[in-house]
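The structure appears below as structure tokens.
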Amino acid sequence: MSEAVIGILYNHRIIQAHSLAEEIAAWMEQRRRQALICTTEDAPTALCLRETDLLVTLGGDGSILRAARIAAPYGTLLLG
């Protein structure tokens, strides 16, 4: 069984979201977990959405709804 890949999708319009995404990714990498970061701006075409087993969203309700629409066809789990 391969190790889960965790995607971090953040709202590019929220200033603190990028630094929080980087902090979460660093925390995961310290624990030998693979994390991929992408923004809501590039989400529809981002490879990270197709390659993740779990998608963590950083933003508001709109970010979560957008992530749900994008991740649903892949059956990706979502955490907001």
Single match in Ala35, Ala17, Ala25 (criterion: modelled with pLDDT of 90 or more, touching a Gly at 6+ places or on another chain (Cβ under 9 Å) and either farther than 19 Å from Ala71 by Cα or part of a helix (DSSP H, G or I) (or both)): Ala17
Can you tell me which residue is farthest from Leu20 (Cα to Cα) among those in the stretch 50-80 that are of a type in the set (Val, Ile, Thr) and outside any helix (DSSP H, G or I)? Thr76
For residues that are at pLDDT 80 or above and among the β-branched types (Val, Ile, Thr), scanning just the stretch 38-54, find the one that is nearest to Ala72 (Cα to Cα). Thr52
Give the number of residues within the stretch 1-14 that are more than 23 Å from Leu65 (Cβ to Cβ) and either among the hydroxyl-bearing types (Ser, Thr, Tyr) or in contact (Cβ under 8 Å) with a residue 12 or more places away in the chain (or both). 3
Of the candidates Leu54, Leu58, the one satisfying the condition of being touching a Phe, Trp or Tyr at 6+ places or on another chain (Cβ under 7 Å) and surrounded by 13 or more Cβ atoms within 10 Å (Cβ to Cβ) is Leu58
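The values are calculated or read from the model by the stated rules, or taken from the named source; none is laboratory data. The model shown is predicted, which means the values in this text are computed figures rather than measured ones. Every residue, glycine as well, gets a Cβ built from its backbone with ideal geometry; the counts of neighbours run over all protein chains shown.
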